[in-house]
Structure formats: structure tokens, C-alpha cells
Amino acid sequence: MLKAELHIHTNADPEDKSFVSYSAYELIDQAEKLNFNVLAITCHNYVYNDSEAVEYAKKKGILLISGAELTIEGKHVLVYNITNGQAGKIKSLSDLKKFKENHPEIFIIAPHPFHYKSICLMNKVVQHLDLFDAWEYSFFYLNILNPNKRTLKLAKKYNKPMVGGSDVHKLKDFGRTYTLIDSSLNIEDVFKAIKLGETKIVTKPLSYFEFVKILFGFVIFGLFKKIKIFFNK
């Protein structure tokens with residue numbers, strides 16, 4: 001089975017580049033060390049598309065997929081097989097639905113849908129069931145505090161495939177939660193296998209120390225972005 005991480009940010013991310021220190025090439029090197037076969041770079045509202053990086057990954061036996069974590073109606077949505085020009089025209093989930101009808105090659109994942117930030121989709125994943133090809137089991141949880149349980153319960157109820165993701169912003173978090181996919185190493189087969197549920201999520205809860213440290217980092221970075229926006233007005 002292929003070892004895959006489909007939710008990764010790099011220093012090319014226009015929103016998080018001050019928070020992410022590694023390049024796509026450093027990411028690929030780390031993926032090789034950890035025996036990953038499939039990677040998707042999903043910068044915020046930006047499709048990273050570097051043919052040299054794709055070839056660099058291919059030489060290491062890694063399929064590099066382009067995508068983006070789009071902010072749509074104030075919520076985060078992972079979209080793959082899309083261009084920057086196409087992404088810029090999508091302003092609502094209805095726009096995304098229409099676009100998908102005309103471009104069936106795109107693939108859409110609901111990231112961390114029931115976590116506690118305002119950017120999480122919450123019940124919109126149920127309201128737009130047919131829009132999402134899969135839902136994400138996020139790495140950010142504790143044994144006693146796990147929003148993924150709600151995601152799993154509803155995914156079972158509505159027969160939605162699940163993938164695991166670490167929303168990677170730091171290389172040390174790469175591989176905390178990932179997906180094993182029963183597929184050959186090409187993008188069409190990978191997405192087809194996920195839709196068919198031919199996957200296994202590998203995960204373990206964070207320790208309390210890890211959870212607090214990551215949460216503190218999110219808070220500090222959020223404040224930094226707000227201050228930056230204020231002074232750039």
C-alpha cells in the first residue's frame with residue numbers, strides 16, 4: 001500500500017511562509033527518509049506547480065500532487081488537480097460544485113471538518129455531501145479530546161471515505177497521521193482508491209505537551225498575522 005500525506009504546507013505558501021521554514025525539495029527529501037510514496041502540497045489559496053520538483057520527487061519514487069487549501073465562504077477546503085486561474089474564480093461552495101461538474105478530474109477533501117476553529121467546515125460537510133470526495137482525520141487531537149470521533153461517526157453514517165492528514169507546517173510533524181492507499185503510483189488510481197475506501201489511516205494521539213506546544217504556536221502565529229494585517233492597512 002502507498003504511504004500518503006495529502007495536506008502539506010511549504011515555504012511557498014503565501015499565508016504561512018513566515019511560519020514554514022522548509023522548501024518542497026526538503027519536504028521530498030524527508031518523505032524519502034520516512035518511506036512516503038505520495039505527497040500533496042496544499043498551500044493556502046495558491047497552487048504550487050513546479051515541474052522540476054515533480055521530477056525530483058519522481059526520481060525518488062514519490063508521486064507529487066498539486067493542490068491548494070482554498071478558503072471558501074470562510075472555510076478551508078482541500079482541492080487537487082486545479083490551477084491558480086481556476087481556483088481564483090471559486091468564491092462559494094456552489095461555485096466549487098459547478099466547477100466539479102465540469103471538471104470531474106478534480107478531487108476535494110474536507111480538512112479537519114469538526115475541529116474547533118471558525119475555518120472548519122462543520123455541518124457544511126453534511127449539507128454538501130456530494131461535493132466532498134473524502135473527509136480528513138486530523139492529527140491534532142488528544143485521547144480525551146478528539147473531534148475526529150464526530151467525523152468518523154458521520155463518515156460511517158453517510159458512507160464517506162476518510163484519509164489521515166497532519167496539516168504539515170513543520171517537518172517534525174510530518175508523518176504523525178497519514179493514509180495507506182491500496183493503489184498503483186499514479187494520480188488517477190490514487191484518487192479512485194480513496195473514493196472506493198481502499199485506505200487505512202495510521203495515527204496516534206498527541207501527548208499533552210505536544211498538543212499545548214502546537215496550540216501555542218497556532219495562537220502566536222494567528223496574533224502575528226493579525227498584527228501584520230493591522231500595520232499593512
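Points 7 angstrom from Cα along the Cβ direction at Lys170 and Asp95: gap in nanometres? It works out to 3.4 nm between the two label points. Please work out the Cα center distance from segment 61-107 to segment 31-49, rounded to the nearest Å. Using only Cα atoms, the two centres lie 16 Å from each other. May I ask which of Lys17/Lys75; Lys89/Lys157; Lys58/Lys170 have a Cα-Cα span longer than 28 Å here? Among Lys17/Lys75; Lys89/Lys157; Lys58/Lys170, the Cα-Cα distance tops 28 Å for Lys89/Lys157.
When the pairs Lys3/Lys100; Lys91/Lys153; Lys149/Lys204; Lys3/Lys149 are compared against a 21 Å limit on Cα-Cα distance, Lys3/Lys100; Lys91/Lys153; Lys3/Lys149 fall above it. Among the trypsin sites (Lys or Arg not before Pro) found in segment 77-112, those both in a DSSP coil and sparsely packed, with 16 or fewer other Cβ atoms within 10 Å of their Cβ, are Lys89, Lys91. With R₀ fixed at 35 Å, the C-beta to C-beta distance from Glu52 to Val212 puts the FRET efficiency at about 0.35. Here the chain is treated with +1 on each Lys and Arg Cβ and -1 on each Asp and Glu Cβ, and its dipole about the Cα centre works out to around 940 debye. Here the extension length gained between Leu142 and Ser184 equals 11.8 nm, from 0.36 nm per residue of separation less the Cα-Cα distance.
Think of the chain as having a plus end and a minus end, set by charges on the Cβ of Lys, Arg, Asp and Glu; of Leu121, Gly164, Val20, Leu121 sits farthest toward the positive end of this dipole.
Each reported figure results from applying straightforward, stated rules to the coordinates on display, with no laboratory input. These numbers come from a predicted model, not from an experiment. Neighbour counts run over all protein chains shown; Cβ positions are idealised from the backbone, glycine included.
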